[in-house]
Every structure is written in structure tokens, then in C-alpha cells.
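Take a look at the structure below.
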Amino acid sequence: MSSSKKIEEFFTPKNQKTGLKRGNSSPELVVPPAKKSAGEMTTLSQESIELLMTKFTGVMTETLDHKLKEVTKDLATKDDVRELSQKVVNLQLENNTLREEVGALRSELIARDKRIDFLDNAIRRDNLIFSGLSHDGRSDLLSVVRNFILQVLGISKQILIRDVINLGGKQPGTYLLVKFVESGDVTEILKATGRLRGTNFGINRDYPDSIRAVRRHLFALRKELYRLKSTLRISVRSQNLIVEDVYFTWSDERGILHKEGDGLPMINSLVGADMGSFIRDRLKKCDPSAAIPSAHA
């Protein structure tokens, strides 16, 4: 290479166009495009924005619906609540019907029991139960009763007796059930029971077990009333306790009754004391008893 060549032959000036291509020895530099300025950025149209919002709303709605179904899948629906409410109404109606039927049945049973007691009383009307009479349980009981009527009660007229039954089997000294032929004889014997006061003898009507249980409570109540106020006029007739012409009866569920209502206030006013604790104690003793209170007690 000649030294006489000028250095310009080896270099191309910066802005000089030579028409020569650059050799492959140095690869062409790739210059990244310049960023657009804010004013040059592309903006979405109103239609595109609305489309995006519609899609977003659809996705969110579907997601919420799915979550809501998972949360509420075990909860009752309106139809379930409506059906349950109808069932409750039907049960209430059925319960009211059953209550009415039970009430009617209870009234029917009470009426039936009263009819049975009435018929039973009619059958037993001519019977009396004697207690305290001395007998061995095997001898002629008819003679024992006749002698008692004559010697103790002082009734000399002939009393017709149909039958005498030892209620204690063959045991001596037990109760005797005496069946009379005439109702008038029964009345006359009961009128003479005043002679038995202060003795160990007793004569009582042959009441059914239910009435006998009621009378047991009434006699106990009469005894307590006499203890608290001995001047009271008190008597027991059938199922009634009569205090100063005021009638009471007994209920194993409610205690002392007056005109089908609570008789405690009335009896308290008559005796001038509170009988509440005594009545409550009697209610605890409502089991049947074999004891038969005598008419003169």
C-alpha cells in the first residue's frame, strides 16, 4: 500500500454519501423503535369499553351465582318454608281436633261412670254393712245380726233379712254385709244409729268403692273441722259433707269442692282457719283403703 494515499481513502465522512455498502464484518445494529408519547397512544372506543364491561359483569355474575349456590344449597327454599308452614297449620288443626275428641271422651267417661255408680247404688240400696259385731265367722250370722238389731238398736219389729255375708271370709269379728228385703227397714235401722255413738259398733250403707273412698276423706275432714271448731253443725251424707247447710264434696285431683269449684275458701271462712295444708295431706292419701267409716262416727 502506497503511503501516498490519503487517510480519507480509508474513512467515509459522517454525512458523506459514497454509494458503497458496509461490509459484513460488522453486523448492522438494530435500533429499537422509539416509544410513543402520551399523545400518540391508541385509546379504546366507547363501544369497546361497553363490551369489556359487559363481559366482566357476566363473569362476575356467573361466579357469584356459583358461590351463592354452594352457600345456599342446604338452606330451605321458599317452597320448603311454605310447605313447612302448611304442615304446622295442619298439625295445629289436628291437635285442636284431638283435644276436642279427648274432652268429649272424658265427658263421656265421667257420664258413664256416674251411670254405673247410679245403677250400682240402686242394687246396693237395700244393703248395710255392720262392723264391730262379735262373731266367730262360722256360726249363724243371721241370728247375730237379728239379736244386734233387737238388743243394741232397740228395734222390736220383725226385720226381713235376705242374706248375711262375712266380708272377711271365715275370719271372726270382720265386717258383715247384710241384705234386707224392704228399703223401709234399712231407713229405720239408719235412724237408730244414734244409739251407737261412743261405741265400737258401726253401720254404713253398702257404697261402691269410689263413693266409699270419697266418704273416707269427708269423714277425716269432718273430724278435723270438729277439732278446730266444735260448735259447727257437720254431717256426711252419701258423697257430701254438709257444714252449716253448705254442701261440699271431694275430688282426688282437686281436693275439697263447692259447687264444682274450689271449696277451700268457703270452708276456711266457715271454720275460721286455713285448711290448705290438711287438704294437701289428704290428696297424698288418695289410694283406696279397706277401712269403712261408720255412719255414727
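Worth pointing out:
- Condition check for Ser183 on (1) crowded, with 18+ Cβ neighbours inside 10 Å; (2) closer than 20 Å to Arg125 by Cα; (3) not acidic (Asp, Glu): one failure, at (1).
- Residue satisfying all of: in region 220-274; among the hydroxyl-bearing types (Ser, Thr, Tyr) and over 35 Å from the mean Cα position of the chain (by Cα); nearest to Asp120 (Cα to Cα) among these: Ser235
- Within region 182-238, the set of residues being without any contact (Cβ under 8 Å) to a residue 60 or more places away in the chain and among the aliphatic types (A, V, I, L, M) comprises Ala192, Val214, Leu218, Leu225, Leu228, Leu232, Ile234, Val236.
- Only one of the listed residues (Arg227, Arg222, Arg233) is over 12 Å from Leu270 (Cα atoms), exposed (fewer than 14 other Cβ atoms within 10 Å of the Cβ) and out of contact with any helix residue (DSSP H, G or I) (no Cβ under 7 Å at 6 or more places or on another chain). That residue is Arg227.
- Output for region 136-156, where each listed residue is in contact with a helix residue (DSSP H, G or I) (Cβ under 8 Å, 6 or more places away or on another chain) and over 20 Å from Asp206 (Cα atoms): Val152, Gly154, Ile155, Ser156
- Residue in region 140-160 that is within 30 Å of Thr249 (Cβ to Cβ) and in contact with a Gly (Cβ under 9 Å, 6 or more places away or on another chain) present: no
- Leading residue by the ranking (nearest to Asn127 (Cα to Cα)) among those in region 149-180 that are over 54 Å from the mean Cα position of the chain (by Cα) and surrounded by 13 or more Cβ atoms within 10 Å (Cβ to Cβ): Ile159
- Within region 162-206, considering residues that are in contact with a Lys or Arg (Cβ under 7 Å, 6 or more places away or on another chain) and of a type in the set (A, V, I, L, M, F, W, C), the one nearest to His135 (Cα to Cα): Phe180
- Out of Arg138, Arg115, Arg106, sole residue that is of a type in the set (Lys, Arg) and either in a loop (DSSP other than H, G, I, E, B) or surrounded by 11 or more Cβ atoms within 10 Å (Cβ to Cβ) (or both): Arg138
- Considering region 71-87, the residues that are part of a helix (DSSP H, G or I), surrounded by 10 or more Cβ atoms within 10 Å (Cβ to Cβ) and not charged (D, E, K, R) include one that is modelled with the lowest pLDDT, namely Thr72.
The values are calculated or read from the model by the stated rules, or taken from the named source; none is laboratory data. Please read all numbers here as calculations on a predicted model, not as lab measurements. Please note: Cβ atoms are built from the backbone with ideal geometry, for glycine as well, and neighbour counts cover all protein chains shown.
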